[in-house]
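Input: a single structure, listed below in structure tokens.
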Amino acid sequence: MRLGVISDIHANLVALEAVLEDMPPVDRLVCAGDVIGYNPWPAECVDLVRERCSATVEGNHDRNADTPNRYSMNEMAHEGLKLASEELNEGQLEWLRSLPRSVDLADDRVLMVHDHPEHVDQYVRPHSFPKMRPYLDDHDACILGHTHEQHEATIDGRLILNPGSVGQPRDGDPRAAYAVVDTAPDPMTAHLHRVEYDIAAVQAACREAGLPEQTDERLAQGR
Ligand code: ZN
């Protein structure tokens, strides 16, 4: 089975549409969380992810759609969540509240979680992938997001994958990121993809929506 994997869309509709357009044919599309936050299109991104993804897990921004003030110390996150809380309708908010913390995919061979299998909000950066092995006794692969850094590694026969961020990359490459996992080989394989999108159009929309300047600056920097 070929699994299309997206994560950390962060309300960037232009990047999400570019990724969906670029992605080769897959059997299932899944999302590792953070559909909303930062960028100006939370409602459109919720609708598109609901329509296209067969499984989505809850990201930290998704969890705080109703409670943007929890991020009052972080202006970019706070402003993005405030905009989401104003733009999302009750059905969209209810869908975000219903998202599970983790899901098993591909006949329970793949674990998908936004941050860390056990520690909520913990970042698993590429250099920490080998430390994930103890959490993979029951799975052949683990998909995570949260760091916005695209990376894959095979540790002791187990695949660990962060597909990177669709809507706000932070690994130095501003292009939108996603991955395709092939579950047939043992160990499973992941192909990392990047796709250019109209960053200037998103920057203009960020300014129009009154979002902080740093939000659109980091899109061009990819950091
Ligand atoms: Zn994120």
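The values are calculated or read from the model by the stated rules, or taken from the named source; none is laboratory data. Every value quoted in this text rests on a predicted model; they were computed, and no experiment measured them. As a convention, Cβ positions derive from the backbone with ideal geometry for all residues, glycine included, and neighbour counts pool all protein chains shown. Please note that ligands, DNA and RNA were not included when accessible areas were found on the heavy atoms of the full protein model with its side chains. Shrake-Rupley method; radii C 1.70, N 1.55, O 1.52, S 1.80 Å.
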Point to revise | Evaluation of Pro68 against (1) under 24 Å from Cys206 (Cβ atoms); (2) out of contact with any Lys or Arg (no Cβ under 6 Å at 6 or more places or on another chain) (one fails), failing number | key: (2)
Point to revise | Top-ranked residue in the range 43-68 [being in a helix (DSSP H, G or I) and within 13 Å of the ligand (Cβ to nearest atom); ranked as farthest from Glu90 (Cα to Cα)] | key: Asn60
Review point. Within the range 147-162, which residues are open to solvent by less than 10 Å² (accessible area, probe 1.4 Å) and within 12 Å of the ligand (Cβ to nearest atom)?
Key: Thr147, His148, Asn162
Practice item. For residues that are of a type outside the set (A, V, I, L, M, F, W, C), in contact (Cβ under 8 Å) with a residue 40 or more places away in the chain and under 21 Å from Cys53 (Cβ atoms), tally how many sit in the range 176-208. Key: 6
Practice item. Answer with yes or no whether Leu81 is assigned to a helix (DSSP H, G or I), under 25 Å from Asp216 (Cα atoms), out of contact with any Gly (no Cβ under 7 Å at 6 or more places or on another chain) and open to solvent by less than 20 Å² (accessible area, probe 1.4 Å). Key: no
Point to revise | Criterion violated by Asp121 - all others in (1) touching an Asp or Glu at 6+ places or on another chain (Cβ under 9 Å); (2) without any contact (Cβ under 8 Å) to a residue 24 or more places away in the chain; (3) surrounded by fewer than 19 Cβ atoms within 10 Å (Cβ to Cβ) satisfied | key: (2)
Exercise for review: Report yes if some residue within the range 66-76 is touching a Leu at 6+ places or on another chain (Cβ under 9 Å), touching a residue at least 40 places away in the same chain (Cβ under 8 Å) and either farther than 21 Å from Gly167 by Cα or open to solvent by less than 50 Å² (accessible area, probe 1.4 Å) (or both); otherwise report no.
Suggested key: yes
Revision key, fill the gap. Scanning the range 94-115 for residues that are surrounded by 17 or more Cβ atoms within 10 Å (Cβ to Cβ) and not in a loop (DSSP other than H, G, I, E, B) gives Trp95, Leu96, Ser102, Val103, Leu105, Val110, Leu111, Met112, Val113
Exercise for review: Given the conditions (1) over 30 Å from Ala106 (Cβ atoms); (2) at pLDDT below 95, report the number of the one that Ala220 does not fulfil.
Suggested key: (2)
